[in-house]
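J.: Below you'll find the structure I mean.
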Amino acid sequence: MKQRRRPPVSAVTPLRPTEARTPELRTTSASTDVAPERVSIVIGAGSGGAGATTIALGVAHTLAESLPVAAVDATSDGGDLFDRAAARPLPDTSITAAIPASSAASTGGIVLCGSASLSTNRFGDHHFGAGEFDHEPHARRADPAQSSDLMLLDSILSSRGVARVFDLGTAVDAPRAAALRRHALLVLAAPVRAQPLTRLRTVLDRLRWTHGREALAGTVVVLTHTVPGSVVDLAPIRAALTPLVAGLIEVPFDPVLAAPGLLDHRQIAPATARALQSLSDLALHRISAGHQPTPLRRTHTGIESDDQRREQA
């Protein structure tokens, strides 16, 4: 019998190295049971300012305590993943070797991959500290998000035994991300404000009508507090969403996440770390339980799901 390859021991600094998980998280965590090549998570948002990038980085750093992880910028216009997390360049011997995309390492050691707002020949700038330029080979500037190669990138990283967390931003409905969205576990982030929550409902309705109830039932929703305090009553929102989606996670306001510039994941608040741990455990549980994308077929009237075809029958 072919033995499954064990992932390498992570060198990532834990979010809270001295804080033990709660018993609930210990019993539900599936990180030791899921091979990294099976882990593909897409973080999207119904509107800007939802914190999709910080959520993606938080999930990636949490997963990286037990799995090798790459966080991928899959936004339409080149998001701020690198601005928020790129701490040092990577050599060509890294897991991104020969991949035609920019790459770097975060403050915690996870791999960043995808488009970047950095110059390809300047690694002595503010992102990596003052001093002489670092001429170590790094950036291959072709952007997989722009060349519709997200599934290829996912496949390459998977073949190298790496879990993938994609920062999709607001491009949830982008055609170039359709295959990846169906293949990966979808996480939708929305800030706790009235208008963005209305947009979240629109996105979820569109997801249900386009891809069927199964796709909606397999989606995780994250409510992010991007400003201190909240005047929105979340009780009816929780009551409405809980029966429909795979899970609902609330991330409290954290000034470390809200601050611009380089994000040091080691400085986030304990409550934030617990929320991100819950999100990561839920994602791994869904994947371990056999998360399957909704089968889709193209028809003369568009794309419909098996669920929709059964209803019409």
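Here, each number is a calculation from the coordinates, and none is a lab measurement. Remember, predicted model here, so these are calculated numbers, not experimental data. Methodologically, a virtual Cβ is constructed for each residue, glycine included, from the backbone with ideal geometry; neighbour enumeration extends over all protein chains shown.
J.: Would you mind classifying the stretch 156-297 by shape? Square roots of the alpha carbon gyration tensor eigenvalues, ordered a ≥ b ≥ c; an a/c under 1.5 is rounded, otherwise it is prolate if a/b is larger than b/c and oblate if not.
T.: In terms of gyration-tensor shape, oblate.
J.: Mind giving me the FRET efficiency for Ala97 and Asp173? R0 is 30 Å, r the Cβ-Cβ distance, nearest 0.05 is fine. List each step's numbers first, then the result.
T.: Numbers: r = 33 Å, r/R0 = 1.09.
Calculated value: 0.35.
J.: Expressed as a whole number of Å, what is the distance separating the alpha-carbon centroids of the stretch 145-184 and the stretch 265-280?
T.: After rounding, the separation between the Cα centres reads 24 Å.
J.: Just order 56-69, 156-169, 263-276, 195-208 by mean Cβ neighbour count inside 10 Å, highest at the front, would you? Mind showing how you got there, number by number?
T.: Numbers: 56-69: 26.6, 156-169: 23.6, 263-276: 19.1, 195-208: 16.4.
My ranking of the peptides, most packed first, is 56-69, 156-169, 263-276, 195-208.
J.: Can you work out the FRET efficiency for the pair Arg238 and Arg38, with r the C-beta to C-beta distance and R0 = 30 Å, to the nearest 0.05?
T.: Details: r = 30 Å, r/R0 = 0.98.
It comes to 0.50.
J.: Rank-order 177-187, 243-253 by packing density, defined as the average count of other C-beta atoms within 10 Å over each peptide's residues, highest first. Don't skip to the answer; put the middle values down first.
T.: Working: 177-187: 22.0, 243-253: 17.3.
Top to bottom by mean Cβ count within 10 Å: 177-187, 243-253.
J.: Let me know the shape class of the stretch 27-108, please: from the alpha-carbon gyration tensor, a ≥ b ≥ c as square roots of the eigenvalues, rounded when a/c is under 1.5, otherwise prolate if a/b is greater than b/c, or oblate.
T.: Numbers: a/c = 1.75, a/b = 1.08, b/c = 1.63.
Judged from the Cα gyration tensor, the stretch 27-108 comes out oblate (a/c at least 1.5, b/c at or above a/b).
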